Amino acid sequence: MKSYLLFFSLLIPILSVAQKTIKVSYEQKFIYNDSFFNQIPEDSREELKSFMTAPTYLQLTNNGDLSLYESVNTKEKVIASNEKSTATHQNLGMIFKPFKVWFLKDFKKESSITSTTVSNEEYFVEAPFEKEVLHYDGKTKIIDGYNCLSAYALRSNKDTIQYWYTQDIAVIDGPMTPIDIPGLVLSMESNKKVVYATKIEFFDDMPIAPVPNNALFISKKELDILQAKYLEPQSYVDDAGVKHESYSVRIKNDN
């Protein structure tokens, strides 16, 4: 009897899962009541009101490991003063600097980094992920063809934030939203502002630039001190003996 030695070759496919990147464009609109604009000098009120109620644009990029939410095309607004100049006094107007958003999430480290510019100097603050108590009310609706569910959070300032998120896209993220929301947030609504997605794009690979090696990290308390100091009035006397004065005001939307 002949014997045969049989060799079996087992082919095991090696599956490579490529990391996908999603980019979501958002539009943001702030909501103000009439009394809010009383904080603004009357001669600049209407022009600034038009500027502040116009939509602003932000972008979320998520590659699985990192997520960056940042402002797009943020510009300062210069408003000339209508106040009449005198021989000893001249009002040069107002410069409005909108808040610039730069918010990086590191899902491996479970921490976030926020960039803030104070007096033309950029500072970074790192903090662990914050969790928020969410309530799921079972509401549903369709946003741009995506099935969305509703969750809301109650803030200490008596404001309610409603999140509309979809699970049609395998991403858990959103515009500065709690990490507990089980989907991609396409809309946020509160008494103060609304944020909604306007475009969703997918890419095979799109790296997110890390924080610069020479980034200046400080604590939240140190940042608060710097911002308070920046709001203090500034003055100097030039070579001609003319005194220049400037002051900054942080306008809050407390409605």
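The values are calculated or read from the model by the stated rules, or taken from the named source; none is laboratory data. Not measured: the values here are computed from a predicted model. When we count neighbours, we look across all protein chains shown, and the Cβ atoms used for this are built from the backbone with ideal geometry, even at glycine. Note: areas computed on protein heavy atoms with side chains; ligands, DNA, RNA excluded. Shrake-Rupley method; radii C 1.70, N 1.55, O 1.52, S 1.80 Å.
Observations on the structure shown:
- Within region 138-183, considering residues that are of a type in the set (Val, Ile, Thr) and in contact with a Lys or Arg (Cβ under 8 Å, 6 or more places away or on another chain), the one farthest from Trp102 (Cα to Cα): Ile161
- Residue match in region 46-65 (condition: more than 25 Å from the chain's Cα centre (by Cα), modelled with pLDDT of 80 or more and farther than 23 Å from Pro207 by Cβ): yes
- Residue satisfying condition, being closer than 16 Å to Ile208 by Cα and basic (Lys, Arg), within set Lys75, Lys100, Lys105: Lys105
- Test: residue in region 198-221 that is surrounded by 10 or more Cβ atoms within 10 Å (Cβ to Cβ), in a helix (DSSP H, G or I) and out of contact with any Phe, Trp or Tyr (no Cβ under 9 Å at 6 or more places or on another chain): yes
- Options Tyr152, Tyr230, Tyr236; residue that is in contact (Cβ under 8 Å) with a residue 40 or more places away in the chain and out of contact with any Gly (no Cβ under 7 Å at 6 or more places or on another chain): Tyr230
- The set of residues in region 113-125 that are open to solvent by 80 Å² or more (accessible area, probe 1.4 Å) and in a strand (DSSP E or B) comprises Thr117, Glu121, Glu122.
- Any hit, region 98-105, residues being touching a Phe, Trp or Tyr at 6+ places or on another chain (Cβ under 8 Å) and open to solvent by 80 Å² or more (accessible area, probe 1.4 Å): no
- Being surrounded by 12 or more Cβ atoms within 10 Å (Cβ to Cβ) and touching a Gly at 6+ places or on another chain (Cβ under 7 Å) is not true of Gln162.
- Any hit, region 163-170, residues being free of Cβ contacts under 8 Å to residues at least 12 places away in the same chain and within 29 Å of Met52 (Cα to Cα): no
- Residues of region 202-214 satisfying the condition of being within 19 Å of the chain's Cα centre (by Cα) and aliphatic (A, V, I, L, M): Ile208, Ala209, Val211
- Members of region 165-189 found to be small (Gly, Ala, Ser) and open to solvent by 20 Å² or more (accessible area, probe 1.4 Å), listed by number: Ala170
- Residue among Glu130, Glu70, Glu83 that alone is in a loop (DSSP other than H, G, I, E, B) and within 27 Å of Lys220 (Cα to Cα): Glu130
- Residue check for Lys108: within 28 Å of Glu201 (Cα to Cα), free of Cβ contacts under 8 Å to residues at least 40 places away in the same chain and not in a strand (DSSP E or B): no
- Flag if Lys158 is charged (D, E, K, R), under 30 Å from Asp137 (Cβ atoms) and touching a residue at least 24 places away in the same chain (Cβ under 8 Å): no
- Screening Glu132, Glu42, Glu27 for residues that are under 26 Å from Lys199 (Cα atoms) and of a type in the set (Asp, Glu) leaves exactly one candidate, Glu27.
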